[in-house]
Amino acid sequence: MPFCPECRYEYLPEITQCPDCGSELVHELPEIRLQNQDVKWKSLPPVPGMVYAKMVTEVLDQREIPNYIQSLFGGGGLGVVTGGDFPGASAKIYVPEDFLAEAMAIRDEMMKEI
Ligand SMILES: [Zn+2]
């Protein structure tokens, strides 16, 4: 899966340029792999779009919780059009297992405010 080297988001294979910042996508983010070889990544429940995912990861970053976002594009039969940057898109945030409970609480708190 291609990643944006700037935003660290993961995209579908057919995407070559980051829709968010315009960077050319790369095939892997070496430092993430190296740094987290022993880390078990767990996903939080999907949020409705990259905009929300970024709001959550901003807070995760502030708390120094490692994270990455996987964008899930619509068309899988979800049939939900959100206010996100891609109609029907949702995004999943991954955090190391050790931080899951904390990240989950942050995510729930932020989704409540929408
Ligand atoms: Zn980007």
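Taking the numbered list (1) surrounded by 16 or more Cβ atoms within 10 Å (Cβ to Cβ); (2) modelled with pLDDT of 60 or more in turn, Glu97 passes all entries but (1). Would you pick out the residues in region 92-114 that are more than 18 Å from Pro66 (Cα to Cα) and not in a helix (DSSP H, G or I)? Of everything in region 92-114, those that are more than 18 Å from Pro66 (Cα to Cα) and not in a helix (DSSP H, G or I) turn out to be Glu113, Ile114. For region 27-48, indicate whether the set of residues that are within 16 Å of the ligand (Cβ to nearest atom), outside any loop (DSSP other than H, G, I, E, B) and modelled with pLDDT of 90 or more is non-empty. No, region 27-48 has no match at all.
Hey, could you check region 2-19 for residues that are touching a residue at least 40 places away in the same chain (Cβ under 8 Å) and in a strand (DSSP E or B) and say which is nearest to the ligand (Cβ to nearest atom)? Of everything passing the filter in region 2-19, Tyr9 is nearest to the ligand (Cβ to nearest atom).
The values are calculated or read from the model by the stated rules, or taken from the named source; none is laboratory data. Remember, predicted model here, so these are calculated numbers, not experimental data. We place every Cβ from the backbone using ideal geometry, glycine too, and count neighbours over all the protein chains shown.
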